[in-house]
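The values are calculated or read from the model by the stated rules, or taken from the named source; none is laboratory data. What you see is a predicted model, and the numbers here were worked out from it, not measured in a lab. Don't worry about glycine lacking a Cβ; one is built from the backbone with ideal geometry, like all the others, and counts go over all protein chains shown. Heavy atoms of the whole protein, side chains included, go into the accessibility calculation; ligands, DNA and RNA do not. Shrake-Rupley method; radii C 1.70, N 1.55, O 1.52, S 1.80 Å.
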Amino acid sequence: MISDKLKRIAVNICRLVLAVTFILSGFVKAVDPLGTQYKIEDYLQAMGLTSLTGPMGSWGALAVAVVLAAVEFCIGIFLLFAIRRRLSSRLALVIMAVMTPLTLWLALANPISDCGCFGDAIVLTNWQTLWKNVVLLAAAVVVAKWPLQMVRFIGESSQWIVINYSAVFILAIAGWSLYDRPQFDFRPYHVGSDLRTGWNKMMDGEESPYTDFFIERMDDGEDITEQVLGNEGYTFLLVAPYLEKADDSQLDLINQVYEYAQDYGYPFYGLTASGEKAVSQWRDLTGAEYPFCQTDGTTLKTIIRSNPGLLLLKDGVVIGKWSHNMLPNEYDLDKPLEESELGHLSGDSVARRILALLMWFVLPLVLLSIADRLWAWTKWIRKRKDNYNSINKKEEKMRKKIVAGNWKMNMNLQDGIALAKELNETLKAEKPNCGVVICTPFIHLASIAQFLDQNIIGLGAENCADKEKGAFTGEVSAEMVKSTGAQYVILGHSERREYYKETPEILKEKVLLAQKNDLKVIFCIGESLAEREAGKQNEVVKAELEGSVFNLSEEDFRKIVIAYEPIWAIGTGKTATAEQAEEIHAYIRSIIAEKYGQAVADDTTILYGGSCKASNAPELFAKPDIDGGLIGGASLKAADFKGIIDAFK
Ligand code: PEP
């Protein structure tokens, strides 16, 4: 068995590895959507599936490129922040489960030299890619198995911000990179590349990325690469891989740049892979007068992701690159390049872009995470404070103290009414400091209920039937008890258990029916003398609770009042000592806590019963776990009963 801690560490390491890889992979694809599109087309070609992009042409592959970049990036961000943990881990697993066999095929069949998973930023061999994917697949399996072990960096309520912000950000980057050009250029023709030196090295037989770079004059086919790259000073290259498909919306600006080059004597060449027919069509369309040269189409697409795009070389070094949407205008071209900004390499452009990325994406998310965590922390502190206050409040509140009388089968109706009236008057005159209940024979209930002020003295029955209604001659149902106006019922009294053979199962039914009819149950438990002498009292009371009331929900159990009555003390004149009673009351409370939790146990009223009198009540009721008494004999005289109630004065 893996320990939880180990699981958590493993999942979070794997999740971070996956997150970083997916973010990087999605980001480099998004900054160069055209490069990704070309790679997808290469794949389709290698698989013989070029017809797939057919209906939508390269737009289809471009759309797939953008979606792929966005999905990878967003899954990476979700894993990083642990957003939608189950979904994001499963998506990562699905992607790795598809990519790993694909790269196995690439490694074995080698139809494409570079898989392109990190665009041009990190070029891996097919075997390197396969091993990388095997590791990532294993990591994805670990994360998908225990997704909930991922530690969150942001709360659920703030996740939608990260989700939307990441999606909008990556689509904006892709859109801007398409409109302008890759915001981060990892190709060998990026601004700052020394083409002259690289090309010369290649000519000297050294390894170089410029093997396919050549410039041939169109009219006589002469290779003028050395002449173009060797030119001291500035050279403009208009790069249009395929003139037939080139965007001609900016032809005025292109012509303007050409005229500017003419004015200041800078060489200007058009480079294309298209044939003469396309060149002359372009000339007719745009009025272009600049010379056109032939260059390899793939190389031109690599040089600039724009058709057409403009390149400015100085001494063979790329110092400027513009897509057709971002060409220099007349204001940029109002002075010679030597004196203008255009003519100088701006060294910090990459640093500026990284800073922009940090400011626009990383910083807002970091700030959001910090704010979210701070908010969660203050919420936690507030909750702790509230809990502390409510615990204190509970302690202040204390459970209800009750003195309940059990008249048993004593007194006729007239005597009963007289006693009830007397008690009513006495306690109305002098309000008790505890709840007072009298439980009378069924026959008295309706009459007493008529005049008893139940805000001061609750009325209860001594029993009720274990059946709802029907042919049960002599029985009184819980519903009937309730209909008299009574609120309480004693259940499980030892005399009923002993003389009327009421089993725990019968009592369980009675409790359910009583509660169904909104009667508050005073549930009696207690051991016999033999059981006490055998030291089995705890066992007995526990079994009685388990047999009849521990089946109740917490909510229903909270409505029960427990009465502990040692059978050997009932009506015998023998009383449990206050210590004995407290000991077993504390035990009863502990098993309630075990079953329902400490809060429920703390709120449960547990009465003591068994020869309780005005003389011993104060000592008994002073014990912390004794919350009052169930009184038999001493409840039959108002003065005696009042004496016990006064123990709470
Ligand atoms: C009782 O029967 O519930 C009881 C406690 O009786 P006594 O007080 O008479 O012992």
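Taken over region 251-302, the residue count meeting the criterion of being assigned to a strand (DSSP E or B), open to solvent by 30 Å² or more (accessible area, probe 1.4 Å) and touching a helix residue (DSSP H, G or I) at 6+ places or on another chain (Cβ under 9 Å) is 1.
On the given criteria, is Arg15 modelled with pLDDT of 90 or more, open to solvent by less than 50 Å² (accessible area, probe 1.4 Å), in a helix (DSSP H, G or I) and of a type in the set (Lys, Arg)?
Values: modelled with pLDDT of 90 or more: yes; open to solvent by less than 50 Å² (accessible area, probe 1.4 Å): yes; in a helix (DSSP H, G or I): yes; of a type in the set (Lys, Arg): yes.
Spelling it out, Arg15 is indeed modelled with pLDDT of 90 or more, open to solvent by less than 50 Å² (accessible area, probe 1.4 Å), in a helix (DSSP H, G or I) and of a type in the set (Lys, Arg).
Residues that are more than 30 Å from Thr575 (Cβ to Cβ) and either within 16 Å of the ligand (Cβ to nearest atom) or of a type in the set (S, T, N, Q) (or both) do occur in region 480-503.
Against the criterion of being at negative phi, without any contact (Cβ under 8 Å) to a residue 24 or more places away in the chain and among the β-branched types (Val, Ile, Thr), Thr473 qualifies.
Considering Gly632, Gly609, Gly597, the condition of being touching a residue at least 40 places away in the same chain (Cβ under 8 Å), within 11 Å of the ligand (Cβ to nearest atom) and open to solvent by 10 Å² or more (accessible area, probe 1.4 Å) is satisfied by Gly632 alone.
When Ala246, Ala278, Ala240 are checked against the criterion of being without any contact (Cβ under 8 Å) to a residue 40 or more places away in the chain, aliphatic (A, V, I, L, M) and in the same structural domain as Asp334 (by TED's automatic domain parsing), Ala278 stands alone in meeting it. Checked against (1) outside any loop (DSSP other than H, G, I, E, B); (2) in contact with a helix residue (DSSP H, G or I) (Cβ under 6 Å, 6 or more places away or on another chain); (3) within 12 Å of the ligand (Cβ to nearest atom), Ile591 passes all but a single condition, namely (3). Among the residues of region 192-225, those that are assigned to a loop (DSSP other than H, G, I, E, B) and open to solvent by less than 50 Å² (accessible area, probe 1.4 Å) comprise Gly192, Ser193, Ser208, Tyr210, Phe213, Ile215, Met218, Gly221, Ile224.
I'd like the residue in region 149-191 that is among the charged types (D, E, K, R) and open to solvent by 30 Å² or more (accessible area, probe 1.4 Å) and, out of all such residues, is modelled with the lowest pLDDT.
Just the residues of region 149-191 that are among the charged types (D, E, K, R), to begin with: 152, 156, 180-181, 185, 187.
Now narrow it down to the ones that are open to solvent by 30 Å² or more (accessible area, probe 1.4 Å): 152, 156, 181, 185.
Working: Arg152: 89, Glu156: 82, Arg181: 88, Asp185: 88.
Among those that are among the charged types (D, E, K, R) and open to solvent by 30 Å² or more (accessible area, probe 1.4 Å), it is Glu156.
Checked against (1) of a type in the set (S, T, N, Q); (2) surrounded by 12 or more Cβ atoms within 10 Å (Cβ to Cβ); (3) at pLDDT below 85, Asn389 passes all but a single condition, namely (2).
Restricting the first member to region 564-582 and to residues that are in the same structural domain as Gly628 (by TED's automatic domain parsing) and outside any loop (DSSP other than H, G, I, E, B), and the second to residues that are within 10 Å of the ligand (Cβ to nearest atom) and of a type in the set (Lys, Arg), the beta-carbon pairs closer than 7 Å and six or more apart or on different chains are Trp568/Lys574.
Taken over region 200-222, the criterion of being touching a helix residue (DSSP H, G or I) at 6+ places or on another chain (Cβ under 9 Å) and in contact (Cβ under 8 Å) with a residue 40 or more places away in the chain is satisfied by Asp212, Phe213, Phe214, Ile215, Glu216, Met218. Hey, among Asp627, Asp602, which residue is closer than 22 Å to Asn433 by Cβ, open to solvent by 20 Å² or more (accessible area, probe 1.4 Å), of a type in the set (Asp, Glu) and more than 11 Å from the ligand (Cβ to nearest atom)? From the options Asp627, Asp602, the qualifying one is Asp602.
Any residue at all in region 497-510 that is in contact with a helix residue (DSSP H, G or I) (Cβ under 9 Å, 6 or more places away or on another chain), acidic (Asp, Glu), free of Cβ contacts under 8 Å to residues at least 40 places away in the same chain and open to solvent by 70 Å² or more (accessible area, probe 1.4 Å)? No: zero hits. If you go through region 612-624 and pick out every residue that is within 9 Å of the ligand (Cβ to nearest atom) and either farther than 22 Å from Ala586 by Cα or surrounded by fewer than 23 Cβ atoms within 10 Å (Cβ to Cβ) (or both), you end up with 1. Regarding region 65-86, can at least one residue be identified that is more than 25 Å from Pro364 (Cα to Cα) and of a type in the set (Asp, Glu)? The answer is no, given that none of the residues of region 65-86 is more than 25 Å from Pro364 (Cα to Cα) and of a type in the set (Asp, Glu).
Sort through Glu479, Glu533 and tell me the only one that's open to solvent by 50 Å² or more (accessible area, probe 1.4 Å) and at pLDDT below 95.
Details: Glu479 fails: at pLDDT below 95.
Within the list Glu479, Glu533, the selection yields Glu533.
Restricting region 313-370 to residues that are among the basic types (Lys, Arg) and modelled with pLDDT of 90 or more, the residue that is surrounded by the fewest Cβ atoms within 10 Å (Cβ to Cβ) is Lys335.
When residues in region 538-579 are screened for being open to solvent by 20 Å² or more (accessible area, probe 1.4 Å), under 52 Å from the mean Cα position of the chain (by Cα) and within 16 Å of the ligand (Cβ to nearest atom), 1 of them pass. Lys408 - would you say it is in contact (Cβ under 8 Å) with a residue 40 or more places away in the chain, of a type in the set (D, E, K, R) and surrounded by 15 or more Cβ atoms within 10 Å (Cβ to Cβ)? Yes, satisfied.
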